[in-house]
Amino acid sequence: LMRFIPLLAALLLSACATSLPHPQTLPPLSKEGQWFKLEQTNAAGQTVQTNLLAVEPHSDGIRFVQTDALGAPVSRQSVSTKGWKNDGFVMPNANSRRLFAALLPLLAAEHAATLYPEARQQNATHQGFCPDGKGAVFSYRERDLWCVAHHSEQFLIGFPDQTFWTVSPIAED
């Protein structure tokens with residue numbers, strides 16, 4: 001039994017890695033990239049964490065670097081049309097990867113439809129995980145992944161596990 005545990009762990013990890021759709025295109029970014037303030041809240045509306053996020057073009061895709069308030073890395077991921085991968089020596093962070101995947105269509109704006117052609121997008125009507133009951137629900141392989149909405153100058157992202165993120169662009173002066 002003990003010799004099968006590493007195999008089972010590898011299978012579970014690979015199942016988690018394939019649960020997100022691979023982007024078929026990537027949104028164009030300015031060469032300076034973009035900065036965001038991230039605020040995670042739970043189902044009760046309490047702030048769980050506040051982070052900074054840098055999104056920058058990379059040689060073959062887009063790089064996401066999430067840091068805590070003191071500047072320590074929380075997650076470093078890069079995405080290309082081949083999929084997601086960890087970037088650097090930070091531990092893999094599936095929740096951050098899921099957040100970044102949900103943020104991509106918001107960054108893509110007019111290119112969002114070509115981003116995840118395998119994912120189904122529908123208006124939020126009955127999903128309790130959509131911020132304010134509005135936005136678009138993305139589903140993949142018969143499973144709801146996230147709900148995204150654009151409110152004023154912020155992006156609102158909700159997940160079926162009742163975690164919510166407010167993503168606010170930081171203007172560079």
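The values are calculated or read from the model by the stated rules, or taken from the named source; none is laboratory data. Computed from a predicted structure; not experimentally measured. Quick reminder, even Gly has a Cβ in these numbers, built from the backbone with ideal geometry, and neighbours come from all protein chains shown. Please note that ligands, DNA and RNA were not included when accessible areas were found on the heavy atoms of the full protein model with its side chains. Shrake-Rupley method; radii C 1.70, N 1.55, O 1.52, S 1.80 Å.
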For this session: Working only within the range 116-138, note down all residues that are of a type outside the set (D, E, K, R), assigned to a loop (DSSP other than H, G, I, E, B) and over 21 Å from residue 21 (Cα atoms).
Result: 125, 126, 128
Seminar exercise, completed: The condition of being modelled with pLDDT of 85 or more, over 16 Å from the mean Cα position of the chain (by Cα), of a type in the set (Lys, Arg) and closer than 16 Å to residue 20 by Cα holds, among 141, 97, only for 141
Problem set entry | Condition met for residue 113 (in a helix (DSSP H, G or I) and open to solvent by 40 Å² or more (accessible area, probe 1.4 Å)) | yes
Seminar exercise, completed: Note on the range 34-82: residues outside any strand (DSSP E or B) and open to solvent by less than 70 Å² (accessible area, probe 1.4 Å) are 42, 45, 68, 71, 72
Seminar exercise, completed: Going through (1) crowded, with 20+ Cβ neighbours inside 10 Å; (2) of a type outside the set (Val, Ile, Thr); (3) assigned to a helix (DSSP H, G or I) one by one, residue 145 fails only at (3)
Problem set entry | Number of the exception - residue 103 against (1) modelled with pLDDT of 90 or more; (2) within 15 Å of residue 21 (Cα to Cα); (3) open to solvent by 20 Å² or more (accessible area, probe 1.4 Å) | (3)
Exercise. Does any residue of the range 7-30 turn out to be within 18 Å of residue 154 (Cα to Cα), open to solvent by 40 Å² or more (accessible area, probe 1.4 Å) and either among the hydrophobic types (A, V, I, L, M, F, W, C) or modelled with pLDDT of 85 or more (or both)?
Worked result: no
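Confirm whether residue 137 is farther than 15 Å from residue 38 by Cα and hydrophobic (A, V, I, L, M, F, W, C).
Spelling it out, residue 137 is indeed farther than 15 Å from residue 38 by Cα and hydrophobic (A, V, I, L, M, F, W, C).
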Exercise. Consider residue 103 against the criteria (1) more than 14 Å from the chain's Cα centre (by Cα); (2) assigned to a helix (DSSP H, G or I); (3) not small (Gly, Ala, Ser): it satisfies all of them except one. Which criterion is unmet?
Worked result: (1)
Seminar exercise, completed: Residue pairs qualifying under the 9 Å Cβ cut-off, at least six apart or on distinct chains, with the first in the range 143-164 being touching a residue at least 12 places away in the same chain (Cβ under 8 Å) and on the phi > 0 side of the Ramachandran plot and the second being open to solvent by less than 20 Å² (accessible area, probe 1.4 Å) and hydrophobic (A, V, I, L, M, F, W, C), are 162/129
Exercise. Got a number for residues in the range 83-100 being within 23 Å of residue 164 (Cα to Cα), surrounded by fewer than 17 Cβ atoms within 10 Å (Cβ to Cβ) and in contact (Cβ under 8 Å) with a residue 24 or more places away in the chain?
Worked result: 2
